[in-house]
Amino acid sequence: MAPLAQVFGVRHFSAAAAVHLRRFLDKVDPSVVLIEGPSDATDQLKHLADKRTVPPVALLAFTKTRPVRSILYPMASYCPEWVALRWALERKRTVRLMDLPASVFLSLHEIAPEEKAPDDTKAYLDDPWAEIARLSGDPDPETWWERQFEHTVEVAAYRDAILEFGRGLREVRKDPPAREKETLLREAFMRREIRAAVKDPGKAVVVCGAYHAPVLTDDLPPMTDDEFKGLPKADLVLTLMPYSYPRLSSQSGYGAGNHAPSYFEALYEETMAGRAGRIRTRYLASVAGQLRAGGLIRSSAEVIEGVRLAEALASLNDSPSPVLRDLRDAAVTILGQGERAPIEKALREVEIGSAVGKLPPGVSRTALQDDFHHLVETLRLDKFIKDQDQSLEVDLRENRFVKTKEAAFLGRSQSTFLHRLVVLDVGFASTGRRDQKGTAKEAWKLRWKPECEIRLAESSLQADSIEIGAAFVLSQRLAEAKDVGAATGVLLHAANCELADAVTASLQRVQAMTVDEGGFVPAGEGLENIVDLIRYGNVRDVDPAPLRPVLAQLHLRASLLLTGACVCDEDEAKNVRASMDRVQEVAFLGEEGIDAELWIGALRKVSESDSRNPFLSGYATALLMERGKVDDATLDAAVSRRLSPGTEAGVGVGWFEGLVQRNRTVLFMRKALWSSLAGYVDPLPDDEFRKALLYLRRAFSSFEPAEVRRVVGCLGEVWKGGTADLQREVEKKLDAEELKKATDDLQGLDLI
């Protein structure tokens with residue numbers, strides 16, 4: 001049993017593996033380098049030699065048919081596969097990927113059904129070490145691995161140890177049948193590729209996961225031509241994409257990275273420079289630097305003390321060198337003064353970082369991806385291609401203080417582009433709603449993640465540009481729209497995306513649906529969308545004239561539908577309340593054709609009715625008070641009737657809950673309201689009181705502390721004294737025993 005080449009087993013994303021592999025390659029100087037990875041992506045490797053390529057990057061493969069299946073093969077600068085690729089490419093040696101083609105890998109479910117169908121991109125690699133870490137007594141796999149392997153010194157010792165480790169894994173690891181079949185197929189294919197590429201085993205190096213290293217030998221059969229031809233193959237797209245350190249850290253372990261990529265990059269750099277021991281000082285000094293940048297000063301003496309503590313912790317754990325866990329504990333103890341929270345952000349930056357890879361323009365991307373990156377650069381959004389939360393405010397109005405048309409409408413162009421990305425569900429941009437009415441400025445949250453690139457690649461199955469892709473998605477949504485709320489949503493998106501044809505088609509659909517709309521909630525949603533478009537459509541050259549008749553008709557429909565909509569349960573009442581807010585706002589905008597009195601009449605019917613949802617009846621009363629349509633006598637009569645003895649708690653207190661959602665300042669001045677509430681609650685039997693308490697708790701949950709104090713004051717006046725004692729009781733914090741007792745008292749009651 002002899003190896004088919006000089007096999008070097010690794011852990012993917014291991015700094016030690018990268019260091020030892022680089023030294024091994026320098027010593028052996030092979031003419032052929034074969035690396036575990038999808039073999040049909042070998043043609044993509046030439047782009048990794050480009051000086052403009054900056055890791056982390058990833059190979060992405062996805063099917064051309066839906067549902068889209070995809071796999072990722074990520075690489076970072078401290079990844080042994082990356083080191084091997086760059087070594088071979090720089091020296092113009094033969095370098096190939098030798099694992100099953102991605103086209104086959106994406107079709108393996110046809111011959112080995114998965115135990116659970118994936119609902120996201122599947123990592124190309126896997127984690128075999130979690131159980132071993134548990135058995136070894138280490139707190140997590142990363143700590144166990146680092147203690148055992150990351151601080152080794154000798155190349156030969158590391159290579160022998162990792163090979164033996166792989167053999168041990170194969171003896172104890174038990175995979176599900178589908179996974180085991182997949183692994184055997186991959187290894188048979190690897191042996192096939194090695195035999196085909198290697199003439200002199202002594203001048204060929206194979207880089208693969210430790211688990212596969214022991215079986216790449218001449219005594220085991222390779223996959224035959226007939227077996228390979230019989231494998232299913234998917235029609236797919238192969239591309240390169242930028243990756244990020246936060247994404248690597250989020251998929252901890254062997255699966256697609258490790259939990260601290262920035263730290264292990266630093267460990268790789270220091271070890272390659274021959275000063276591996278410096279990592280402890282670099283780590284703690286970097287944390288201190290981050291704290292100083294945030295205004296929390298830590299001295300050099302504290303850094304030195306932290307290094308000493310980390311070394312002592314390593315000795316206690318029989319470790320030759322401090323591992324990340326030791327360094328982190330030292331940082332928390334010394335730099336955080338025993339608390340992790342003050343230094344959490346600094347630790348994250350030093351351990352994970354926010355690095356995002358780069359690729360040369362046009363490298364192996366689809367047309368839609370190229371369009372995205374071109375627009376990002378043209379619209380000056382390239383500084384936001386970072387895997388961290390960032391804010392952007394854009395002004396849709398013309399900037400008259402610049403010379404070119406492109407600069408004058410830069411904010412509007414940025415907004416249009418970001419709205420199109422929202423429609424495509426790329427994930428790069430979110431919100432875009434205006435924080436204040438009457439402004440043409442939009443507030444956006446931006447964050448680039450590798451998932452954004454994946455979604456762009458998948459969207460390329462539908463279109464070759466962002467504009468066409470957004471238009472296609474909106475046409476699908478319009479066809480699926482079941483009510484005027486959904487249709488006006490498409491219309492608003494079309495206008496924000498500046499897609500003229502989509503605007504025309506959506507407006508025609510909305511006009512046809514408005515007359516027959518039978519739902520109050522959709523009508524309210526439609527009103528909000530149309531008003532938003534009328535207010536700001538001028539900055540996007542949308543003619544408001546055809547929209548105003550639609551607005552008037554929707555307002556009419558909403559007013560007529562309100563009474564019936566208020567016969568509903570508590571869950572639906574939340575939706576009805578939201579639409580009542582929308583209609584209330586539109587009714588008093590002063591738009592031509594809007595009959596505000598019609599809406600007032602509808603609210604009055606709900607307010608006075610005993611057969612509507614009590615919360616909504618109370619809320620309708622609050623909306624009428626807001627417009628000065630309820631005088632004192634009418635309110636007092638309503639309060640007395642709704643909170644009269646014998647009224648069921650869910651009805652009486654439910655009505656009160658709706659009433660106090662608005663106009664609180666006015667309500668605090670109405671002593672009769674609080675007298676009626678106290679007079680209603682005081683004589684309730686225990687069971688009814690407990691149920692009423694649940695409703696009251698919900699009613700007051702949105703009150704600010706100052707408002708709660710005013711409620712206490714009102715009740716103190718009703719009860720003629722005891723305000724101070726009541727205030728203390730309200731503000732007293734319950735201990736664990738008291739909280740449990742209160743919870744037990746309310747247990748079994750269903751508020752909704």
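The values are calculated or read from the model by the stated rules, or taken from the named source; none is laboratory data. Just so we're clear, the structure is a prediction, and the values are computed from it rather than from any experiment. Because the Cβ atoms are built from the backbone with ideal geometry, glycine has one as well, and the counts that use them run over all protein chains shown. All accessible areas refer to the heavy atoms of the entire protein, side chains included, with ligands and DNA or RNA removed. Shrake-Rupley method; radii C 1.70, N 1.55, O 1.52, S 1.80 Å.
Mean separation of Cα pairs under 8 Å and 6 or more residues apart, divided by the residue count, gives the chain a relative contact order of 10 percent.
Using the 1.4 Å probe convention, the accessible area of the chain works out to 46 Å² per residue with neighbouring protein chains retained.
Distance between the C-alpha centres of region 658-708 and region 319-392: 49 Å, rounded to the whole angstrom. The protection proxy used here, the mean number of other Cβ atoms lying within 10 Å of each residue, ranks peptides 58-69, 576-587, 270-281 as follows, highest first: 576-587, 58-69, 270-281.
Region 5-40 and region 533-557 have Cα centres lying 64 Å from one another.
Segment SER644..VAL539, full-extension length gain: 32.4 nm, with 0.36 nm per residue of separation and the alpha-carbon distance subtracted.
Of the whole protein surface, THR378 contributes about 80 Å² of accessible area at a 1.4 Å probe radius. Pairs over the 31 Å Cα-Cα cut-off, from the set LYS386/LYS574; LYS671/LYS691; LYS92/LYS449; LYS51/LYS441: LYS386/LYS574; LYS92/LYS449; LYS51/LYS441. When the C-alpha to C-alpha distance is required to be over 29 Å, the pairs from LYS64/LYS181; LYS445/LYS629; LYS64/LYS405 that qualify are LYS445/LYS629; LYS64/LYS405. With K and R counted +1 and D and E -1, the other residues having a Cβ less than 11 Å from that of ASP40 yield a net charge of 0. Placing pseudo-labels 7 Å out from each Cα toward the beta carbon at HIS109 and ARG697 gives an inter-label distance of 4.4 nm.
In this structure, the pairs whose alpha-carbon distance is over 30 Å, taken from LYS383/LYS403; LYS199/LYS358; LYS46/LYS345, are LYS199/LYS358; LYS46/LYS345. On the basis of the beta-carbon distance and an R0 of 22 Å, LYS199 and LYS92 show a calculated FRET efficiency of 0.80. Per atom type, the chain shows carbon and sulfur on 50% of its accessible surface, probed at 1.4 Å. Quick one: of the DSSP bridges fully inside the chain, what percent are antiparallel, nearest 5? Percent antiparallel among DSSP bridges in the chain is about 60. Restricting the trypsin sites (Lys or Arg not before Pro) of region 168-217 to loop positions (DSSP other than H, G, I, E, B) with no more than 11 neighbouring Cβ atoms within 10 Å leaves LYS174, LYS199.
Taking a straight line from the alpha carbon of LYS233, these aspartates and glutamates sit under 15 Å away, with near neighbours fewer than eight places off in the same chain left out: ASP40, ASP99, GLU110, GLU182, ASP225. Applied to region 165-172, the Karplus parametrisation 6.51 cos²θ - 1.76 cosθ + 1.60 on θ = phi - 60° returns per-residue 3J(HN,Hα) values of 4, x, 4, x, 4, 5, 7, 9 Hz, with x for Gly and Pro.
Summing Lys, Arg as +1 and Asp, Glu as -1, what charge do residues with Cβ under 14 Å from the Cβ of VAL681 carry, VAL681 excluded? My count for the surroundings of VAL681 gives -2. Computed over neighbours whose Cβ is under 9 Å from that of HIS259, the net charge equals -3, Lys and Arg +1, Asp and Glu -1.
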